[in-house]
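Q: What follows is a structure written as structure tokens; I'll ask about it next.
Throughout, read-outs are computed from the coordinates displayed, never taken from laboratory work. These numbers were taken from a predicted model, which means no experiment stands behind them. Note that we place each Cβ from the backbone using ideal geometry, even for glycine, and neighbour counts take in every protein chain shown.
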Amino acid sequence: MTLEIGKLGRVEPASDDVRTRSRLARALPASALIPPRSYPAGPPDRDYLGDEDYPWFLNDRLGCCTITGIAHYLVAAARQRGVTITITDDDIRTAYSRATGYIPGRPETDRGGQCINALVVARNEGIGGHKIGGFARVDMTDKLQVEAMINLTGPLFVGSDLPKRIESQPDEWFRPPLEERTVADKPRSLGGHAYLYGGYNHRKIKALPWRKRVDQRWDWSFSYTDEGWALFDKHWVDGDCPTPSGFPLERLRQYLASL
């Protein structure tokens, strides 16, 4: 079995881009990132992706992973509410063009883009009429924060420097023992990619790199994933009921009001 790999296209953010500096640890009260006493060892296992495959959303043909990853988030969040939303390939193409300057029919303009630009388009203009309410940076070196924010806000939108090693790892991405590592384990030897972290347990992360789920061990994530964003969407926080994780809606509203 081989990994079904689509296109890559995540461009690393500029170090001086002030839009990438807002981090959840600064915006949210500390209590938002501390697990409730009911599970003192950490948040419970989560899986917000489900078992169904996701649409390619053009990421098999274009380097539009930054837009596709957000579209996958919108679909996953809606599914948690039992809602089906429609996003077309034309919607993806339009949002990708606005975020990166891509011109349909001119392949030389298909150069990928930065996560932050895709997030701004998704918040201000939407993807197929579906807007995210906001976003904030997550510290991907902090395991507890990653777990807590998936538990609190649902799937995270992440950026990774993929190694070529994953081409031979169809089900689970992991780092081989040190003595077995080669140039195929070098970060970005395959390329940059944006996608979802849709769940976790104590051993691994449940990811959606293209249209099928893949497990990633935590040490793999710490080695290759350097950018992460929590997204806030009406399909996740809707009406007066708790979030799908059971988190009290009013507390989440209070936290998001500080962003």
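Q: What ranking do 94, 2, 153, 100 get, fewest neighbouring Cβ atoms within 10 angstrom at the top?
A: 2, 94, 100, 153
Q: What is the set of long-range amide H partners of residue 45 at a cut-off below 5 Å, with H atoms built 1.01 Å from backbone N?
A: Placed amide hydrogens put nothing under 5 Å from residue 45.
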